[in-house]
Amino acid sequence: MRKFAFISAALGALSLASATNAAYTTTFQGATFTVVQVSSTEFTFDIAGANALTGDWAGATFLGAFAFNDIGSPTTLTATQIVPPGASTIDTPGGLNASGCDGSGTGFYCFNLTPNVAVAPDLKWDIVATGGTFNFASTGPTLKIDWTTSSTSDTHLGSLFSASIPPGGGGGVVPEPATWAMMVIGFGGLGAVLRSKRRRQRLAIA
């Protein structure tokens, strides 16, 4: 019975390690977008380089809104700005157009930032679902983003992007300490089972 418990622990640890901290990343016009799945109901969204945008985003001074698709069918989402610390925003069902969240389109979850967020070297949100689970598409979540030059208006500057953030790309994400601990316990259990089996085989031969 203990053998099966050890094996289950090891398999569970491996499964958690692969599902937790799955990363999606891409770079466009000076900004690097990274989504990291923390759990089945939580992911983080990070924008590096928002203060050094290029192309038709050059000159943007604020982020007005962003929207995700291809993330499954969770219920209401809350995005809490954690870098730098800021306000929480409830999603508006529907997509994002040239004037901000538009409330239309299926599968989109749009976050209208009020007030708009000033550009910075790093911007990060923690996004949590109150029900249902995230199930990202194999191509990664689709992002639309609204850069602007106004602290109040969502009239966009340049492209709305509207593209998938693919898996990987920026290298693997290191598992959190709790995940490492579960993996060590799981592999230790497998090792104990194998050693016990070998001892029984040697005794049987003797």
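Taking amide H positions as placed 1.01 Å from N in the peptide plane, with prolines and chain starts having none, which residues 5 or more places from Cys101, or on another chain, fall under 5 Å of its amide H?
none
Per residue, what accessible area does the stretch 27-166 have, given a 1.4 Å probe and all protein chains present, in Å²?
Details: 5500 Å² over 140 residues.
Value returned for the stretch 27-166: 39 Å² of accessible area per residue.
With labels modelled as points extended 7 Å from the Cα through the Cβ direction, what inter-label distance (nm, one decimal) is found for Thr139 paired with Thr114?
A separation of 3.3 nm, rounded to one decimal place.
In the stretch 123-162, what percent of the accessible surface is made up of carbon and sulfur (1.4 Å probe, ligands and nucleic acids excluded)?
Values: 740 of 1580 Å².
After summing per-atom areas, the C and S share lands at 47 percent.
Residues with beta-carbon under 12 Å from that of Gly158, excluding Gly158: net charge, scoring Lys, Arg +1 and Asp, Glu -1? Write out the running numbers ahead of the final one.
Numbers: positive: none; negative: Asp56, Asp146.
Once positives and negatives cancel, what remains is -2.
Over the stretch 38-96, what is the mean sequence separation of C-alpha contacts under 8 Å (at least six apart), divided by residue count, expressed as relative contact order in percent?
Averaging sequence separation for qualifying contacts and normalising by length gives 23 percent for the stretch 38-96.
Which order do the peptides 126-133, 32-39 take when ranked by the mean count of other beta-carbon atoms within 10 Å per residue, highest first? Could you put the intermediate results ahead of the total?
Details: 126-133: 16.0, 32-39: 18.5.
Top to bottom by mean Cβ count within 10 Å: 32-39, 126-133.
In nanometres, what is the gap between the two model label sites at Ser104 and Asp122, each 7 Å from Cα along Cα-to-Cβ?
According to this spin-label approximation, the distance is 3.9 nm.
Suppose each label sits 7 Å from its Cα in the direction of the beta carbon; what would the Asn51-Ser159 distance come out to in nanometres?
The modelled label-to-label distance comes out at 2.4 nm.
The values are calculated or read from the model by the stated rules, or taken from the named source; none is laboratory data. Remember, predicted model here, so these are calculated numbers, not experimental data. Cβ sites come from the backbone with ideal geometry, for glycine too, and all protein chains shown count toward neighbours. What goes into the accessible areas is simple: the full protein's heavy atoms, side chains included, and nothing from ligands, DNA or RNA. Shrake-Rupley method; radii C 1.70, N 1.55, O 1.52, S 1.80 Å.
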